[in-house]
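Read the figures in this text as sums done on the coordinates, not as results from a lab. Just so you know, these numbers come straight off a predicted model, no measurement behind them. Cβ placement follows ideal geometry from the backbone for every residue including glycine, while neighbour counts extend to all protein chains displayed.
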Amino acid sequence: MRTIGFTTFLALSLLAAPPGAAQTSGAAKDDSDQTVKGGGSLPTGWSARPDGQGDSQSVKFVTMDPGYHLTLGPATILYREKDKANGSFHTLAKFHQTKKLKHSEGYGLFMGGQALAGKDLKYTYFLVRDDGTYLIKRRDGEKTTAITTGWTSHAAVKKGDSEGKATNLLEIDAKQNARKVEFKINGQTVHAMDTKELNTKGVVGLRANHNLDLHIEGFDLHQ
């Protein structure tokens, strides 16, 4: 399949955007999940699990140098079964938000993924938003439990510019210190937990909330 680079994609997007697109693109007027043309297929080895009744046909995830490009309707996790941590691990990815939304939405990493295709899925997720905040939560089926106290402001998070563009490097590091799991943003630890408080075994992957448009590079798992 022929792919284009991220820089070329941005240039073409600017040329094609109608007047006022920078203010409105990426979110439906009623803030419902947008319909994404060309969605529903994934690179080899990847799976997508939208939240709730989200439409997987509005998940567009494609290989685009360097990395992947993600355009969403529903909030979604994306993962490969081969990216399974067996204990100590380090996972990371750099996220480029490319468009401004009506409301700030989170994106980032998850760890400890279990039964991800079923109703009893479990994972812990670590997200940032373009308003300079981050969040860590657990999911157990349809139930979520806060680890941090809601969305928390931190200077390490790069905020979106006037067009909503922001770049943030996220890491979950359970390898450097076997007794701690560190959650890092742009190289700075913003939260740490005792390893015994989290399930460090399971699939690691990506999570993004609805209507986001992201370029993702450098996603990897080190054990």
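Work from the charge dipole of the range 154-222 (Cβ charges, +1 for Lys and Arg, -1 for Asp and Glu, about the Cα centre) and give the residue of 187, 174, 204 farthest towards its positive end.
174
Can you compute the helix-only [θ] at 222 nm over the chain? Use -39500 (n - 2.57) per DSSP H run of at least 4 residues, normalise by all residues, nearest 500 deg cm²/dmol.
-1500 deg cm²/dmol
Add +1 for every Lys or Arg and -1 for every Asp or Glu among the other residues with Cβ under 15 Å from the Cβ of residue 200, and state the total.
After counting each charged neighbour, the total is +2.
Tabulate in residue order the Karplus-calculated ³J(HN,Hα) for the range 136-151, using 6.51 cos²θ - 1.76 cosθ + 1.60 with θ = phi - 60°, rounded to whole Hz; enter x for Gly and Pro.
3J(HN,Hα) across the range 136-151, in whole Hz: 10, 9, 10, 10, 9, x, 8, 8, 10, 10, 6, 9, 8, 7, x, 6.
Among the listed pairs 137/201; 94/119; 99/159; 143/175; 158/201; 100/122, which are separated by more than 23 Å between their Cα atoms?
Beyond 23 Å: 94/119; 143/175; 158/201; 100/122.
Which of (1) 52, 36, 32; (2) 59, 34, 33; (3) 66, 41, 31 is the computed Cα extents along the principal axes in Å for the structure on display?
Comparing each candidate, only (1) matches the computed number.
Whole Å is fine, so just give me how far the alpha carbon centre of the range 128-187 lies from that of the range 80-117.
What the calculation gives is 10 Å, centre to centre.
Using a 10 angstrom cutoff on alpha carbons, build the Gaussian network for the chain and name the most mobile of 63, 148, 76.
148
If you plug each phi of the range 98-105 into the Karplus form 6.51 cos²θ - 1.76 cosθ + 1.60 with θ = phi - 60°, what whole-Hz ³J(HN,Hα) values come out, in order, with x for Gly and Pro?
9, 9, 7, 9, 4, 10, 4, 10
Roughly speaking, what is the stretch gain from residue 37 to residue 103, that is 0.36 nm per residue apart minus the C-alpha to C-alpha distance, in nm to one decimal?
Separation in residues times 0.36 nm, less the Cα-Cα distance, equals 21.6 nm.
Whole-Hz ³J(HN,Hα) for each residue in the range 214-223, computed from phi via Karplus 6.51 cos²θ - 1.76 cosθ + 1.60 with θ = phi - 60°, x for glycine and proline: what do you get?
Along the range 214-223, the couplings run 9, 10, 10, 10, x, 5, 7, 10, 10, 10 Hz.
Going by amide H atoms built from the backbone, whose H comes under 5 Å of the H on residue 148, apart from near neighbours?
For residue 148, whose amide H was placed from the backbone, the distant partners under 5 Å are 136.
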